[in-house]
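The values are calculated or read from the model by the stated rules, or taken from the named source; none is laboratory data. Note that the structure is predicted; figures quoted are calculated from it, not measured. Here the Cβ positions follow ideal geometry from the backbone for every residue, glycine too, while neighbour counts run over all protein chains shown. The area values use the complete protein model at the heavy-atom level, side chains included, leaving out ligands, DNA and RNA. Shrake-Rupley method; radii C 1.70, N 1.55, O 1.52, S 1.80 Å.
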Amino acid sequence: ASFLLLCFRTSLGILLIFALLLQPPLTQLSIITQPNIVLLMADDLGIGDVGCYGNDTIRTPNIDRLAKEGVKLTQHIAAAPLCTPSRAAFLTGRYPLRSGMDAINNYRVIFWNGGSGGLPPNETTFAKILQQQGYRTGLIGKWHLGVNCESRDDHCHHPLNHGFDYFYGMPFTLVSDCQTTETPEMDRAFRRKLWLSTQMIGLITLTAALGRITGLISVRWKTLTCLAGFSLLFFLSWFSSYGFVRYWNCIMMRNNEVTEQPMVTDRTTSLILRESISFIERNKHKPFLLFLSFLHSHTPLLTTEKFLGRSSHGLYGDNVEEMDWMVGQVLDVIDKEGLENTTLVYFASDHGGWLERQEGKRQLGGWNGIYKGGKAMGGWEGGIRVPGIFRWPGVLPAGTVIDEPTSLMDIYPTVVHLAGGVLPQDRIIDGRDLLPLLRGTAEHSEHEFLFHYCGVHLHAVRWHQKDSGAIWKAHYTTPVFHPPGAGACYDRGFCPCFGEGVTHHDPPLLFDLSRDPSEAKPLSPDNEPLFDTVIRKIGGAREEHHRTLTPVPEQLSLYNAVWKPWLQPCCGTFPFCWCDKEDDN
């Protein structure tokens, strides 16, 4: 018996030694030991603006390097075609209308730092879960998901209330109003109407006063005084907000403190890069999440002198090339600190390029390659198909290309899983864990259907028919392009989601993206035998999806959208808001 026991122990020891020898290397183990996570998100970058996605005139060697050393997704889809709703979906893993972050009106993004709408405090971002898992979490750059709810200092929508330990950047978004040399951009058409109305009221008041003085009009001075007072109040009611956009919206914050009001745009890029590198260096000995949310390549295209005139695509191309250089600087510090094998790096854009953004003959928006449409268009591919690249040496196979439908919402469950966290069980999470697909252990994306919204209006539905490889897409509503056939709404500056600027289709327009990615040739019962079957299948999925939606407060309602002086972040005594604490430092 003792001999048998000795043999058993010897065999067990040999097996344990073999098990240890056959263990995977450290990079494989890092899947379950909380890798660092660096998320890089461009603003308004078109999929056609990047070298590894087919652009051969704008130089993006660092983004291309990520694709060469990692995994490139060719069908990576934003949940919305505009900044605010897309970023809400990215951070929560949920379609934006589930959190009230998509609009029923034409105010489809957060419009003011002094508005009351924003990402609701009861939403759980992936940053909050990673924070609970022991990660040091930081957001550098653009937020655009609101600041306050009821008072100037409640910061209910602020990044620090949504799981980020550290924030440096713009609580709003770049607009041309941030640069005094540029033509004002914010609500340009509405502002023109307000100016015209003010001039008309002023002209009526002046005419009445002259008529009273000359005796041509019989009107009491009391009436004239009331009319003049109304004219002044009307002017102040809108000019107090729109006349000071640069002071109200173009600000920089560090955590809850305003550091620049207005921001000094000449140094913004260098400060954002410095803060990003500093965050990595400060937290290199613990797991960290860095969300670097670039201000590039949104107008007014802040570009340092070093990059001006370098590209063959004017200021826009210069701006993209500078952003690529910033990506390279972040990758260099990751490599320098020896973190490359324990860091997952992800690069994407929040939505497609802005085709209509022009000043005279200058094209200031991006290019979406072969895909129809662009920013603000919820259905067409050009508005929602974006770059999507992952790098994790030793874990993700280098040089891999995946042509499966994926979503920006998928980042949520992916990073939560890597951090060892648990997805919220009290709400629907629309994203899917990408790790099996990225590592090659799964052949297909878990998404069978993806729903494409424009505001709260469902414009299109995508069906991935996995057994055949077909990717069907049905458009229920499409924008009316102007001029006809131009591929964009150049008369409006943005394509609308509803009203007379759209066309409703019954039966819906149907495309097979696997054969026609440009959505150039709609199918019909005459040329597609499966037409009726596909439309019924997608229609059923649409109805089932609608049953999962529940009413929530509208964060982008007209009331929440308007500027409220008592909510305006201010580094002085309101309304005397001015400071430059970076210069003081």
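Things worth noting here:
- Among (1) over 18 Å from the mean Cα position of the chain (by Cα); (2) in the same structural domain as Phe291 (by the TED database) - the single one Pro159 does not satisfy: (1)
- Those helices (runs of 4 or more DSSP H) of the range 40-154 in which 2 or more residues are among the basic types (Lys, Arg) and either under 30 Å from Val562 (Cα atoms) or over 19 Å from the mean Cα position of the chain (by Cα) (or both) occupy 61-69.
Residue-wise test of (1) within 20 Å of the chain's Cα centre (by Cα); (2) part of a helix (DSSP H, G or I); (3) modelled with pLDDT under 95.
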residue	(1), (2), (3)
Val416	yes, yes, no
Pro424	no, no, no
Asp433	yes, no, no
Leu450	yes, no, no
Tyr453	yes, no, no
Trp463	no, no, no
Ser468	no, no, yes
Ala474	no, no, no
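- Residue ID - least open to solvent (accessible area, probe 1.4 Å), chosen from residues in the range 317-356 that are free of Cβ contacts under 8 Å to residues at least 60 places away in the same chain and in contact with an Asp or Glu (Cβ under 8 Å, 6 or more places away or on another chain): Val333
- If you go through the range 495-521 and keep only what is in a loop (DSSP other than H, G, I, E, B), out of contact with any helix residue (DSSP H, G or I) (no Cβ under 9 Å at 6 or more places or on another chain) and within 18 Å of Gly383 (Cβ to Cβ), you end up with Pro496, Cys497, Phe498, Asp516, Ala520.
- Selection from the range 488-504 of residues that are at pLDDT 95 or above and open to solvent by less than 70 Å² (accessible area, probe 1.4 Å): Ala488, Cys489, Cys495, Pro496, Cys497, Gly499, Gly501, Val502, Thr503
- Against the conditions (1) open to solvent by less than 20 Å² (accessible area, probe 1.4 Å); (2) farther than 23 Å from Pro553 by Cβ; (3) of a type in the set (Ser, Thr, Tyr), Ser116 satisfies every one except (2).
- Subset of the range 523-542 that is open to solvent by 40 Å² or more (accessible area, probe 1.4 Å) and in contact (Cβ under 8 Å) with a residue 40 or more places away in the chain - its residue that is farthest from the chain's Cα centre (by Cα): Lys537
- Residues of the range 194-224 satisfying the condition of being surrounded by fewer than 12 Cβ atoms within 10 Å (Cβ to Cβ) and either of a type in the set (Lys, Arg) or over 30 Å from Gly493 (Cα atoms) (or both): Leu203, Leu210, Ile213, Thr214, Gly215, Leu216, Ser218, Arg220, Trp221, Lys222, Thr223
- The range 341-362, residues that are over 18 Å from the mean Cα position of the chain (by Cα) and part of a strand (DSSP E or B): Thr343, Leu344, Gln358, Glu359, Arg362
- Residue within the range 277-288 that is in contact with a Lys or Arg (Cβ under 7 Å, 6 or more places away or on another chain) and either under 23 Å from Thr304 (Cα atoms) or open to solvent by 20 Å² or more (accessible area, probe 1.4 Å) (or both) present: yes
- Residue within the range 412-424 that is surrounded by fewer than 18 Cβ atoms within 10 Å (Cβ to Cβ) and closer than 14 Å to Arg94 by Cα present: yes
- Residue match in the range 144-164 (condition: modelled with pLDDT of 95 or more and touching an Asp or Glu at 6+ places or on another chain (Cβ under 6 Å)): yes
- Inside the range 182-218, residues that are farther than 18 Å from Ser237 by Cα and in contact (Cβ under 8 Å) with a residue 40 or more places away in the chain make up a count of 4.
- Failed item, numbered, when Tyr490 is tested on (1) within 24 Å of the chain's Cα centre (by Cα); (2) over 30 Å from Glu554 (Cβ atoms): (2)
Rundown of residues vs (1) under 24 Å from Ser86 (Cα atoms); (2) free of Cβ contacts under 8 Å to residues at least 12 places away in the same chain; (3) aliphatic (A, V, I, L, M), yes/no style:
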| residue | (1), (2), (3) |
| --- | --- |
| Arg439 | no, no, no |
| His452 | yes, no, no |
| Gly455 | yes, no, no |
| Val461 | yes, no, yes |
| His475 | yes, no, no |
| Thr478 | yes, no, no |
| Gly499 | yes, yes, no |
| Asp516 | no, yes, no |
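- The residue that is surrounded by the fewest Cβ atoms within 10 Å (Cβ to Cβ), among those in the range 225-235 that are more than 22 Å from Pro184 (Cβ to Cβ) and in contact with a helix residue (DSSP H, G or I) (Cβ under 8 Å, 6 or more places away or on another chain), is Phe230.
- If you go through the range 459-481 and keep only what is within 19 Å of His505 (Cα to Cα) and out of contact with any helix residue (DSSP H, G or I) (no Cβ under 7 Å at 6 or more places or on another chain), you end up with His459, Ala460, Arg462, Lys473, His475, Tyr476, Thr477, Thr478, Phe481.
- Selected residue [surrounded by fewer than 20 Cβ atoms within 10 Å (Cβ to Cβ) and within 27 Å of His351 (Cβ to Cβ)] from Ser297, Ser311: Ser311
- The one condition in (1) closer than 20 Å to Ile384 by Cα; (2) surrounded by fewer than 22 Cβ atoms within 10 Å (Cβ to Cβ) that Pro61 fails to fulfil: (1)
- Selection count where residues are open to solvent by less than 100 Å² (accessible area, probe 1.4 Å) and either among the acidic types (Asp, Glu) or farther than 19 Å from Pro85 by Cβ (or both), scope the range 543-561: 1
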